[in-house]
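J.: Quick one: the structure is below, and I'll ask about it shortly.
Laboratory data are not the source of any read-out in this text; all were calculated from the coordinates shown. This is a predicted model, so every value here is computed, not measured. Virtual Cβ from ideal backbone geometry, glycine too; neighbours counted across all protein chains shown.
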Amino acid sequence: MPRKKKTPSPLTNLSEKEIEQLRQIDERLHKVVNERRASMPRPAVHAEQSFGSITFRYETVRCGKANCTRCPHGPYWYAYWKENGRTRSRYVGRVLPEKARQVYEEKQRAKLEKNKT
Ligand SMILES: [Zn+2]
């Protein structure tokens, strides 16, 4: 659709206050969109490793922040475990705790060995 250059955009005549109001509306819209996203299925799981009663998952996540251009983040390791029948989770980081990593790497090695034969 061709635009006439002479017609100024109504946005150019906005006062500081109106711009601020628009910004707030924009922020609210982002929030709603992100809340929708948050209720969507769990983030992608790239790897999983149980260690005792804890399950470690290597996941990419959405931070839920408005204007974030780097989503999804990670992948990072998260620990999942049951507590009083409820699933709890905790952010672990880029690397697994040493013991869990050993178990994980052993299993990975075993998998590779298996594939060879
Ligand atoms: Zn993000």
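J.: Could you check the simple spin-label distance between His30 and Glu16, using points 7 Å along Cα→Cβ, in nm with one decimal?
T.: About 2.1 nm, to one decimal.
J.: Give me the net charge for the shell around Arg23: Cβ to Cβ below 12 angstrom, other residues only, Lys and Arg +1, Asp and Glu -1.
T.: -3
J.: Going by C-beta contacts inside 10 Å, put Arg101, Arg28, Arg86 in order with the fewest on the left.
T.: Exposure proxy ranking, most exposed first: Arg86, Arg28, Arg101.
J.: Still on this model: Rounded to the nearest 20 Debye, what is the dipole magnitude of the chain about its Cα centre when Lys and Arg each give +1 and Asp and Glu each give -1 at the C-beta?
T.: Around 360 debye, computed over the chain.
J.: Looking at Ile54, Pro97, Gln24, which one has the Cα that reaches farthest to the positive end of the dipole of the chain (charges on Cβ: Lys, Arg +1; Asp, Glu -1)?
T.: Of Ile54, Pro97, Gln24, it is Gln24.
J.: Lys and Arg at +1, Asp and Glu at -1: add these up for the other residues within a Cβ distance under 15 Å of Val103 and post the number.
T.: +2
J.: So what's the net charge close to Tyr91: Lys and Arg +1, Asp and Glu -1, counting the other residues with Cβ under 13 Å from its Cβ?
T.: +3
J.: What angle, in degrees between 0 and 90 and rounded to the nearest 10, separates the Cα long axis of helix 98-116 from the longest principal axis of the Cα atoms of the chain?
T.: 80
J.: Further question on the same structure: Among Phe56, Phe51, which comes first, then next, by fewest other beta-carbon atoms within 10 Å?
T.: Phe51, Phe56
J.: Next up: Can you pull the three principal axis extents for the Cα set of the chain, in Å, largest first?
T.: 73, 40, 22
J.: Let me ask something else. Could you list the residues of segment 92-117 with an amide nitrogen less than 19 Å from a label point located 7 Å from the Cα of Ala47 in the Cα-to-C-beta direction?
T.: Inside the label zone: 92-116.
J.: For Lys111, which aspartates and glutamates qualify as cross-link partners when the Cα separation must be under 18 Å and same-chain residues fewer than eight apart are set aside?
T.: Reachable aspartates and glutamates: Glu48.
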